[in-house]
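The values are calculated or read from the model by the stated rules, or taken from the named source; none is laboratory data. The shown structure was predicted, so the numbers you read here are calculated from the model rather than taken from an experiment. Glycine gets a Cβ as well: all are built from the backbone with ideal geometry, and neighbour counts include every protein chain shown.
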Amino acid sequence: MTLNNKIKNSLLTAHQNEELEAIEKWKKQLHENADELVAHLESSKITEQLRGYQTVDSAAAWDKVSSRIPELSVPDSAKVLRPKFINVIWKIAAVMILVVGAYIGFKQLDTTSTVFESQLVEVITMNDGSNITLDEGTKLVQLADRAYNLEGRAYFRVAKDPKHPFTVKTLHGQLTVLGTEFNIWTTDQSTHVAVTEGTVRFVWLDKEYILTRGDVLVSNSKGANITHIDKMGYDSWKDKSLKFKDDNLHFVLQNIAVFYKVDLVFSDESEFDSCKINSIFREETIDQVLKELNVLAGLDYDFDGQTITAKSFNCN
Amino acid sequence: MDAILFKAIFKEHYQPLSNMAFRILNDFAKAEDVVQDVFVKVWYDDISFDDHTKTLGYLYTMVKNRSYEIIRLESKEKNIVQNASYINKLPSVEIDEIEKWSLLNSVYAHIRQMPPKTAEVFTEAKINGLSYAQIAAKLDISLKTVEAHVTKAYKMLRKDLNEQKIKVFNT
């Protein structure tokens, strides 16, 4: 191992140690927090809000809810995922892949791999607690417990597990992390990685790169390049999608206010209205959304950047 | 949203959500209907956020709003004048409140695991708001005994919450 690589490896270990220290510190704080919580209970009257508290039959309730949602009656082991679960089809796909020849870098996949394909922005939680947000039209293949292939765009929030490195393979390089947050997107010609938190080790063409917060790596058939950006705007795509179906305007506005983190005021004591809004708002700013509502529901409003004031509306 | 995540959220929050709705609606059957409806809607509308607390906030907000909506519609029918304090400002549920309901839910569960007399004294003192003297009279025990039970209850709560929190963290 070269000296550079030795240094990089020890840096990674130092980071590991930092992370482990941070976890110990947080555990200790939680310990103190529980004491604080009880002290708070003792000195306040919060527990009086337990008056009338009852145990409800959550199991019976779950039966009722899952009887209204067919997909939930499938056993967990089948790993049903909205919108698509492809497993059997993989055999055919594997043949196609060999024929097309575009996936030379990938391992031969066996039929027990799980494939996730997203049509909309979709968040998946894995068994290890990691959280992956897939953009539209992204394909994620799970090879093993913390090992994936990615084509498309995804934001990863990896659960810390120093004993089990988490890997993601792309056409132009593979990355390994212990527990961190990062954005990857791939095209046929390149892979981009932007790190939000933690440390990422990226390997491509026999070279190893260590990335930390704010680093962006771009790799293509020739090699890889790292730059640094100050503002992590790379992951703004994952949140910007709101869907409404036959919803009234009050409901829509309340959702928008929560989503864009603004305040909402109705300037008259309007009742819940009889509008029917059917729209999907994707990748839009709040100004664009409000303007659309003006068109859809005749919404007359003021917005000063922090507060929406809904003045009147007119649905017919 | 992932089906497994959906079920996990349901299991953890169905009870506190139902009790929160109950405080507004005063009717458990209605409260549970509201919560179940909201969960079904969240599933079909594909609501989920990368930030888990945002998802929970959304859930609690919807349950609260729907509960108020029902009250308003019902009181309109009965021609009752409403206290309009909540109408103009969006009642969105902050993380503090979600944590409060989760905490209350935990406390409730832990009380039921306490020895009966301790649980009884604690309930009378800290939930029903009786004074120690009143409790002593009601249960025919000494004041000192009442105090001892309350202290013991808090000690048990502290221990349980400590363990619970750290267990949650490790998953």
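Okay, here's what the table says:
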item: Residue check for A:Gly198: at pLDDT below 85 and on the phi > 0 side of the Ramachandran plot; result: yes
item: Qualifying positions in region A:276-316 - surrounded by 14 or more Cβ atoms within 10 Å (Cβ to Cβ), free of Cβ contacts under 8 Å to residues at least 60 places away in the same chain, in a loop (DSSP other than H, G, I, E, B) and not aliphatic (A, V, I, L, M); result: A:Lys276, A:Glu284, A:Gly298
item: Unmet criterion (only one of (1) modelled with pLDDT of 85 or more; (2) more than 14 Å from every other protein chain (Cβ to nearest Cβ)) for A:Gln108; result: (1)
item: Single unsatisfied condition, A:Thr114 versus (1) more than 25 Å from A:Ala224 (Cβ to Cβ); (2) free of Cβ contacts under 8 Å to residues at least 24 places away in the same chain; (3) of a type in the set (S, T, N, Q); result: (2)
item: Given (1) assigned to a strand (DSSP E or B); (2) away from chain B (no Cβ under 14 Å); (3) touching a residue at least 24 places away in the same chain (Cβ under 8 Å); (4) more than 15 Å from the chain's Cα centre (by Cα), number of the condition A:Gln142 does not satisfy; result: (2)
item: Residue check, A:Val203 farther than 18 Å from A:Glu117 by Cβ, touching a residue at least 12 places away in the same chain (Cβ under 8 Å) and surrounded by 20 or more Cβ atoms within 10 Å (Cβ to Cβ); result: no
item: Given (1) of a type in the set (S, T, N, Q); (2) within 19 Å of A:Phe116 (Cα to Cα); (3) in contact with a Leu (Cβ under 7 Å, 6 or more places away or on another chain), index of the condition A:Asn183 fails; result: (3)
item: Residue among A:Ala159, A:Ala147 that alone is under 23 Å from A:Ser221 (Cα atoms) and touching a Ser or Thr at 6+ places or on another chain (Cβ under 9 Å); result: A:Ala147
item: Complete set of residues in region B:1-43 that are hydrophobic (A, V, I, L, M, F, W, C) and not in a helix (DSSP H, G or I); result: B:Met1
item: Per-region count, region A:257-285, residues at pLDDT 80 or above and either within 10 Å of chain B (Cβ to nearest Cβ) or more than 15 Å from A:Phe244 (Cβ to Cβ) (or both); result: 1
item: Number of the exception - A:Ser236 against (1) modelled with pLDDT under 85; (2) in contact with a Phe, Trp or Tyr (Cβ under 8 Å, 6 or more places away or on another chain); (3) not acidic (Asp, Glu); result: (2)
item: Some residue of region B:85-107 being at pLDDT 90 or above, assigned to a helix (DSSP H, G or I) and exposed (fewer than 13 other Cβ atoms within 10 Å of the Cβ); result: no
